[in-house]
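Structure record follows, encoded as structure tokens.
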Amino acid sequence: MELRSAEGINVKGKRVILRVAFDVHFIDKSGVITIEDDTRLKSAIPTINDLTARGAKVILMSWLQRPGGQPNPDMSLVPVAEHLAKLLGQSVLALDDCIGEDVLSKIESAPDGSVIMLENVRFHPGEKDEKTLDEDYAKELAKNGDLFINDAFGQSHRDVSSITGILKYLPSYAGPQLQKEVEALSGLLDKPARPFVGIIGGAKISTKLEVICSLLDNVDELMLGGALANTILLAQGMQVGTSLIEESMIAKAKALALTDTRLHIPVDVITAKEATEDAETFTRAVGNLEPDEKILDIGPDTVKLFQGVIKSAKTIIWNGPMGWYEIKKFSQGTSDIAEALASADAHTVIGGGETISSVSQLGLEGKMSFISMGGGAMLKFLEKGTLPGIKPLIKE
Ligand code: ADP
Ligand code: MG
């Protein structure tokens, strides 16, 4: 899949809307607001610098958290603009809105090479949530620019005004990060080196069942862990005690091809009565736990089984921790899998907020071939092979 790139396009004196995914979390330490993780800001810097060096006015556009279609000062992008300015070593003009005459005239009077940040696009009902596409609002947003670059892979699975709406009204291109993501992930779907294996864990099977099913069409082996495996164990008629499960997903979990020999679910688990650092833990064969225990990690035999599959793989995709890794006692399975990927002689791709943070806690980020910043977008891409915000950017 080749995407239209803005690389050779003349942007001198042009207003370039750069769609970014600056959906950060703030930490308020006695009135001082800082950004929890500025990776997304840092990774946009080369693109911003390239565009300003080519004489463009760069107009950054993003949403931030969930203001629900109305202004909310706690969800303003102003602190993000201030932090970005420090990273860039250049001032960033933060506007107090993202559409309207005042915004247009401020953009107009900014010199070429400026960096401008529009206010949160979710401050208007035209993009009140991740499902709202309002053509009029998209047109208003489009007035701010002469061309549009989508570099927000992590939000490109959303059919919304600022992703799919706006690109109908402006010449539109794929940004470098979006291109990298698409290249890495479509490489997995299109002739991966085999054996190709997948590992899916994390909290909810409801958010991952579709990707599990579509991966099963493609991978040679698929391993499941984390809380989402609990619902599958339960669907198989096993005792799961007080484990986190999703009642509404039991029927669908039953329908998963559980006799498929390529699918590996835990054979043993670490349990405790409570998910606390000082809880007494037990190693149990699956189905063999006490009614007041919960499954909080995969067990050592499961780790061995998964390690064996990983060792023989040539391509690996991993999303979702194997247990409640935030509590050290239940982080062994996740660390062991992370280590196994790090030392595997394979092309390794990982993604997902918690998966990335568990790998970076272990200092193993550099050992992975590719880290997708996509989260939900990555899962959707693996399921569908494209995303709504990417499809219109494919080169004809
Ligand atoms: P990612 O962000 O990497 O896609 P998810 O958001 O799906 O991952 O899930 C991560 C969360 O799942 C973690 O916060 C972890 O504590 C939780 N989790 C994993 N296994 C269990 C378990 N057995 N019981 C409770 N929570 C779990
Ligand atoms: Mg998560």
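Figures for the structure shown
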{"quantity": "Where a residue in segment 14-33 is within 21 Å of R66 (Cα to Cα) and its partner, wherever it lies, is of a type in the set (S, T, N, Q) and open to solvent by less than 50 Å² (accessible area, probe 1.4 Å), with Cβ under 6 Å and at least six apart", "calculated": "R19/N150; V20/S62; A21/Q155; F22/S62"}
{"quantity": "Matching entry among K294, K273, K314, K329 (being at pLDDT 95 or above, buried (at least 16 other Cβ atoms within 10 Å of the Cβ) and touching a Lys or Arg at 6+ places or on another chain (Cβ under 9 Å))", "calculated": "K294"}
{"quantity": "Filter result for S91 (among the hydroxyl-bearing types (S, T, Y) and in contact (Cβ under 8 Å) with a residue 12 or more places away in the chain)", "calculated": "yes"}
{"quantity": "2 or more residues within 18 Å of I17 (Cα to Cα) and β-branched (V, I, T): qualifying strands (runs of 3 or more DSSP E) within segment 43-158", "calculated": "57-61, 115-117"}
{"quantity": "The listed residue being within 23 Å of D292 (Cβ to Cβ) and open to solvent by less than 20 Å² (accessible area, probe 1.4 Å), out of G225, G198", "calculated": "G225"}
{"quantity": "Residue satisfying condition, being farther than 19 Å from Q361 by Cβ, part of a helix (DSSP H, G or I) and either within 9 Å of ligand 1 (Cβ to nearest atom) or among the β-branched types (V, I, T) (or both), within set T334, T302", "calculated": "T302"}
{"quantity": "Single match in L387, L379, L393 (criterion: at pLDDT below 95 and crowded, with 24+ Cβ neighbours inside 10 Å)", "calculated": "L379"}
{"quantity": "Residues that are on the phi > 0 side of the Ramachandran plot and more than 10 Å from ligand 1 (Cβ to nearest atom), drawn from segment 221-241", "calculated": "G237, G241"}
{"quantity": "Looking only at segment 47-66, and only at residues there that are touching a helix residue (DSSP H, G or I) at 6+ places or on another chain (Cβ under 7 Å) and closer than 10 Å to R15 by Cα, the one that is surrounded by the most Cβ atoms within 10 Å (Cβ to Cβ)", "calculated": "V58"}
{"quantity": "Selection within segment 305-319 - part of a loop (DSSP other than H, G, I, E, B) and either over 27 Å from the mean Cα position of the chain (by Cα) or of a type outside the set (K, R) (or both)", "calculated": "S312, A313"}
{"quantity": "Output for segment 186-198, where each listed residue is in contact with a strand residue (DSSP E or B) (Cβ under 8 Å, 6 or more places away or on another chain), hydrophobic (A, V, I, L, M, F, W, C) and within 14 Å of S372 (Cβ to Cβ)", "calculated": "L188"}
{"quantity": "Segment 201-220 - residue that is over 19 Å from H157 (Cβ atoms) and crowded, with 22+ Cβ neighbours inside 10 Å and, of those, nearest to ligand 1 (Cβ to nearest atom)", "calculated": "G201"}
{"quantity": "Set K294, K380: member being out of contact with any Pro (no Cβ under 8 Å at 6 or more places or on another chain), within 11 Å of ligand 1 (Cβ to nearest atom) and among the charged types (D, E, K, R)", "calculated": "K294"}
{"quantity": "Tally of residues being within 14 Å of ligand 1 (Cβ to nearest atom), in contact (Cβ under 8 Å) with a residue 24 or more places away in the chain, out of contact with any Phe, Trp or Tyr (no Cβ under 7 Å at 6 or more places or on another chain) and not in a loop (DSSP other than H, G, I, E, B) across segment 337-360", "calculated": "3"}
{"quantity": "Qualifying residues in segment 202-247 (those that are free of Cβ contacts under 8 Å to residues at least 24 places away in the same chain and among the charged types (D, E, K, R)) - the one farthest from F306 (Cα to Cα)", "calculated": "E247"}
{"quantity": "Some residue of segment 184-204 being of a type in the set (S, T, Y) and either assigned to a loop (DSSP other than H, G, I, E, B) or within 16 Å of ligand 2 (Cβ to nearest atom) (or both)", "calculated": "no"}
{"quantity": "Test result for V32, modelled with pLDDT of 95 or more and more than 22 Å from the chain's Cα centre (by Cα)", "calculated": "no"}
{"quantity": "Set L234, L170, L188: member being aliphatic (A, V, I, L, M) and within 23 Å of the chain's Cα centre (by Cα)", "calculated": "L188"}
{"quantity": "Top-ranked residue in segment 362-377 [being assigned to a helix (DSSP H, G or I) and in contact (Cβ under 8 Å) with a residue 24 or more places away in the chain; ranked as nearest to ligand 1 (Cβ to nearest atom)]", "calculated": "G376"}
{"quantity": "Contacts under 6 angstrom Cβ, first residue in segment 248-265 being over 17 Å from V197 (Cα atoms), partner open to solvent by 30 Å² or more (accessible area, probe 1.4 Å) and modelled with pLDDT of 90 or more, 6 or more apart", "calculated": "M249/S206"}
{"quantity": "Odd one out for M322, checked against (1) within 16 Å of ligand 2 (Cβ to nearest atom); (2) hydrophobic (A, V, I, L, M, F, W, C); (3) within 25 Å of Q236 (Cβ to Cβ); (4) outside any loop (DSSP other than H, G, I, E, B)", "calculated": "(4)"}
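The values are calculated or read from the model by the stated rules, or taken from the named source; none is laboratory data. Since the model is a prediction, treat every value here as computed from it, not as a measurement. So basically every Cβ, Gly included, is an ideal-geometry build from the backbone, and we count neighbours across all protein chains shown. To get the accessible areas, we keep the full protein, side chains included, count just its heavy atoms, and leave off ligands, DNA and RNA. Shrake-Rupley method; radii C 1.70, N 1.55, O 1.52, S 1.80 Å.
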